[in-house]
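Take a look at the structure set out below.
Derivation of every value follows stated rules applied to the coordinates shown; laboratory data play no part. The structure displayed is predicted, hence computed values, not measured ones. For neighbour counting, all protein chains shown are included, and Cβ atoms are generated from backbone atoms with ideal geometry for every residue, glycine included.
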Amino acid sequence: MTPIIILGSGGHALACLDVIDSTKKFKILGYVDAGEAQSWEGLTRLGSDNDLPSLMKDCSNFFMGIGQIKNASVRKNLSEKIKQLKGEFPFIVSPFANVSPRAQVHEGTIIMHHAHVGPGSQIGSFNILNTKSLIEHGVKTGSFVHVSTAAVVNGDVIIGGDAFIGSNSVLCHGIEIPSGAFVQAGAFIGRKHVW
C-alpha cells in the first residue's frame, strides 16, 4: 500500500478519508492540521504546516482534505508549498465511482462515491467531484474546481479553474463556465446565462 498523509481534519477531510480507505490502495500515516487535538478518526496528528519539510523524509504523498466553496486560496497555497518541497498528490477514485477509461484525471483530484465521469472528459488538478456528481462526455475542467453533490455537468461543458458548482445544479450541454464562477445549489445554467 502507498503511504499518504491527509491535510486537514474537517468535514471534507472526513469524506476524503472514507474514500481513500475504500480504495484499499493507501496506508494513511496520519494527518496535518493547525489544531491542538492530537488524534482524529483514529489517526495521529503529525504536526502543522511548519512540520511539512521533516515529514517529507518519511512520506512524499499527500492528499488535500481541505474543502473549497468560496475560493481555493488555502488549497492553492498549501499545494504550492508542498510541491516546492517535492511532495506529490496522487488522484483518488472511489471504487464506487464510474470513471471511463477514456477520461483523463490529473493530480490531487478526488472522485467520490457514486460519481460518474464520461469518456473524453479531462478533469484538472485538485478537483473535487463530490458524491453522485455526474460529469458527461467531453467535459473539461480547470484546476481547483469543486463539483458538488449530485450536480449534473452535461457533455462538452468547459469549467474554468477555481469554479464552484453547487449541489443539484444542472449545466446545459456545451456551455462554458468562467474561472472563479460560483453556481448556486439547484441552479440551471443554460446557453443564455449571463455572468
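The table that follows gives values for the structure above.
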item: Helix-only [θ]222 nm of the chain, DSSP H runs n ≥ 4, -39500 (n - 2.57) each, per residue, nearest 500; result: -4500 deg cm²/dmol
item: Principal-axis tilt of helix 73-84 within the chain, Cα atoms, nearest 10 degrees; result: 60
item: Total formal charge among the other residues, if their Cβ is under 13 angstrom from that of H113, Lys/Arg +1 and Asp/Glu -1; result: -1
item: Net charge of neighbours whose Cβ lies under 13 Å from the Cβ of S73, counting Lys and Arg as +1 and Asp and Glu as -1; result: +2
item: Acute angle (nearest 10 degrees) that the helix 11-23 long axis makes with the longest principal axis of the chain, alpha-carbon atoms; result: 90
item: Cβ charges +1 (Lys, Arg) and -1 (Asp, Glu), total dipole of the chain, debye; result: 340
item: Mean-position separation - Cα centroids, the range 118-195 and the range 69-112, in angstrom; result: 16
item: For P90, net neighbour charge (Lys/Arg +1, Asp/Glu -1) across residues whose Cβ lies under 10 Å away; result: -1
item: Check: the range 2-84 dipole with +1 on Lys, Arg Cβ and -1 on Asp, Glu Cβ, in debye; result: 320
item: Descending semi-axes in Å of the range 78-155, equivalent ellipsoid built from Cα gyration tensor; result: 22, 12, 11
item: Unit charges on C-beta of K, R, D, E only; dipole of the range 91-195, Debye; result: 180
item: Calculated on alpha-carbon atoms, Rg and Dmax of the range 33-107 in Å; result: 14.6, 44
